[in-house]
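Worksheet: one structure, shown below.
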Amino acid sequence: MDVSQYLSVFLDEAKEHLQSLNDNIMVLEQDPENEDCINEIFRSAHSMKGMAGTMGYTRMQNLTHDMEDVFSDVRAGKIKIKSADIDVLLQCLDAIQGYVDNITENQDEGTEEHQNIIKSLADIRNGGGGGGDAAVAPAAEAAPAAEAASDGPAPGADGSSDYRAIRLDSSVKSTLEEAKAQGKKIYGVTVHIQESCILKAARGFLVFKGLEEIGEIAVSEPNTQDIEDEKFEFSFSLILITEESKEKIEEIVKAVSEVEGCDIGEFDPSGAKPAEDKDAAPAAEAAPAPTAAPAAAPAANTPAPAAAKDAGAAGGKKAVGKPVVNRTVRVDIEKLDVLMNLVSELIIAKNSLISAANTSGVSNGNVNEQIEYLESVTTNLHESVMKVRMVPIESVLQKFPRMIRDLNKTLNKKMELTMTGEDTEMDRTVVDEIGDPLMHLIRNSADHGIENADLRAQRGKPEVGQIFLHAFQDGNSVVIEVGDDGNGIDAEAVKNKAIEKGVVTPEQAALLTEKQCVELLFHPGFSTAKVVSEISGRGVGLDVVKSKVESLSGEVTVKTKLGEGSTWVIRLPLTLAIIQALMVIIGQEKYAIPLDSIQSIEDVSPKDIKFVENKEVINLRGSVLPLVRLNEVLDTTSTREPDEDMVVVIARKGDQLAGLVIDELMGQQEIVIKPLGKYTNKCKLISGATILGDGEIALILDTNSIF
């Protein structure tokens, strides 16, 4: 069988199970008696074992099987998980992650056997009194779990499939009776799939494949074509001719992930009801299950809309109250990128149409009405595509509690991580890129921000250091704050080190404010271990953090107080593709300024301009703001007379404000950001370009780099 068609599904599910295992083992360390947690770990390990076995990854299957054995004993009350056991279990997860990484890269799990971890898992079981008999525990212990899962009304009572209700045509009945005469065993099997499963067809195929290795499937209800097309509820039945035991059948069925349980019993063909004539052909065709293989993946990846309608006919049960998860599909991010690009082009076309209508002087009410309708539709379409691309930032944050736990042991410190706002949503491309910068900042807080126990005691701080990560939406941006209650940053030490390394001269350093000294940490010259150890440990990777955040059109700032802690603030746009912008004219050129960086627009008289340290400033409602003449920055000639009132755009960068002097306002517009390519990377003032309605190009100003 070619299982490559299931590879992407396998990898997605493996990563989900690994994250679930990580999360639950972390919870288990704090609450070793948590039965829900233990059951969830057992289920995830059991599912991963079945998935790996089905895909032919035997090393991964063996390791997850041994982990499942441990939790089988825990569930049975034979052993209790201790703190030292958690380390072994996490090592086991790291090893499984290694297998998954290898499979992701080259579809092969590699050759590492991890015998040391397998031995440690065996030691956990032996230490708990499992002894030599423990090896058979999983099958024995798993059975009650499956039976418990299927407790309740008798099979078939609610209209679901039941092997006892299968009707036999004359040819199938003859085959079964002949097999019985030869001394073979005949079993009826009803398989119950979890209601959260979105791969019913694939699960059915894997059950068929496993059972055909130990016998012959005489008939199934519904037939294989309906199972392949997902025309069944969450159970199906079959009659199996085999020489194996009931326990072996149960083991094979439960090895398939997302199988909730199964009912197995001896089947007497003589007592079965005869099939109606129209059912004879499908029943006879049911045996060759491998024919399900080619179509199983397509049917699994996108649940057929007809499945809900046909489910009633297949299982006799109305498709009501289905979990929401069954209404979802997995979509490759590249397909969403294509969709976003098409929406971008549509917005450009819409802007062109509006521009053409204005230029030609069309004032027909019907035309204007249709243009307004088009604008409304394109805006709604853009918002809908954006919502599809938005994912919770939680997917990035999930790995950090485990990382802090490991750092606790590595650094011999006591720290805890508090996170809020995990459900804050961002564009998928931004979420994928922000993980590494956040990891740098959290590691810095743990390694260099949090003091050792003695120093914390001297300062009257709690023994356990606090690291926090807060995420929240602020307008069209997402703000992520990472901080700690540790040592803070010594600005004087940073300044001295900057002088020593030649980053600034002593004369320049003397003019730096405390805030400017701290910002020197973002200079690449501070990215060495020696510097880190001498400057209260800040700086590793901060230049990388800054460059990555700025490449995402974001900004990073730091707030710190020596002896009390530091907070790093990252501000990122919700999306990188389509934004609202203020269109302005500077000199003879049109420019766009992102709207989320603008606080207000002011008229300023030349006589209101003051000078501080030979630089122009204005007093705006009690706040002194620096003035930046954009025509000078962009090396162009202003079209305004020196004695005319100025149009000043008040822009924000973190907690700083500045007034950007422009020549004319054009108005607000939805624009599509087009990258300028590698040849313009060195121009920090420009973050991209956009195509206006008349086909003209306008550059997008990066306000972060202007002041």
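Expressed in nm to one decimal, what extension gain is obtained for the pair Asp447 and Glu613 from 0.36 nm per residue of sequence separation less their Cα-Cα distance? Walk me through the numbers on the way to the answer.
Values: separation 166, 0.36 × 166 = 59.76 nm, distance 4.01 nm.
Result: 55.7 nm gained on full extension.
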Those lysines that a straight Cα-Cα span of less than 23 Å connects to Lys248, excepting residues fewer than 8 apart in one chain: Lys49, Lys180, Lys184, Lys185, Lys200, Lys209
Packing-wise, with mean Cβ within 10 Å as the measure, how do 486-495, 330-339 rank, highest first? 486-495, 330-339
Percent RCO, i.e. relative contact order, over region 578-705, from Cα pairs under 8 Å lying at least 6 residues apart: 31
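Residue separation times 0.36 nm, minus the C-alpha to C-alpha distance between Leu455 and Asp108: what's the value? Present the calculation step by step, with values, prior to reporting the outcome.
Values: separation 347, 0.36 × 347 = 124.92 nm, distance 4.91 nm.
Roughly 120.0 nm would be gained on extension.
Which order, highest average first, do 15-23, 627-635 follow once you tally other Cβ atoms within 10 Å for each residue and take the mean per peptide? Don't skip to the answer; put the middle values down first.
On the way: 15-23: 18.1, 627-635: 15.8.
The packing order, highest mean first, is 15-23, 627-635.
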Need one number: nm distance between label points at Asp123 and Glu243, each 7 Å from Cα along Cα→Cβ, rounded to one decimal. 4.3
Provide the per-residue ³J(HN,Hα) series for region 581-589, in order, calculated from phi with Karplus coefficients 6.51, -1.76, 1.60 and θ = phi - 60°, each as a whole number of Hz, with x at glycine and proline positions. 9, 9, 8, 9, 10, 10, x, 9, 10
State the Cα centre-to-centre distance between region 361-415 and region 198-256 in whole Å. 41
Between region 1-53 and region 603-630, what's the alpha-carbon centroid distance in Å? 61
Unsatisfied cross-links (Cα-Cα over 22 Å) in the set Lys387/Lys590; Lys350/Lys590; Lys561/Lys615; Lys409/Lys546; Lys559/Lys610: Lys387/Lys590; Lys561/Lys615; Lys409/Lys546; Lys559/Lys610
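Any read-out appearing in this document is the output of simple, stated calculations on the displayed coordinates, not a laboratory observation. Owing to the predicted nature of the structure, the values given are computational and were not obtained by experimental measurement. In this analysis, Cβ positions are derived from the backbone assuming ideal geometry, glycine residues included, and neighbour counts consider all displayed protein chains.
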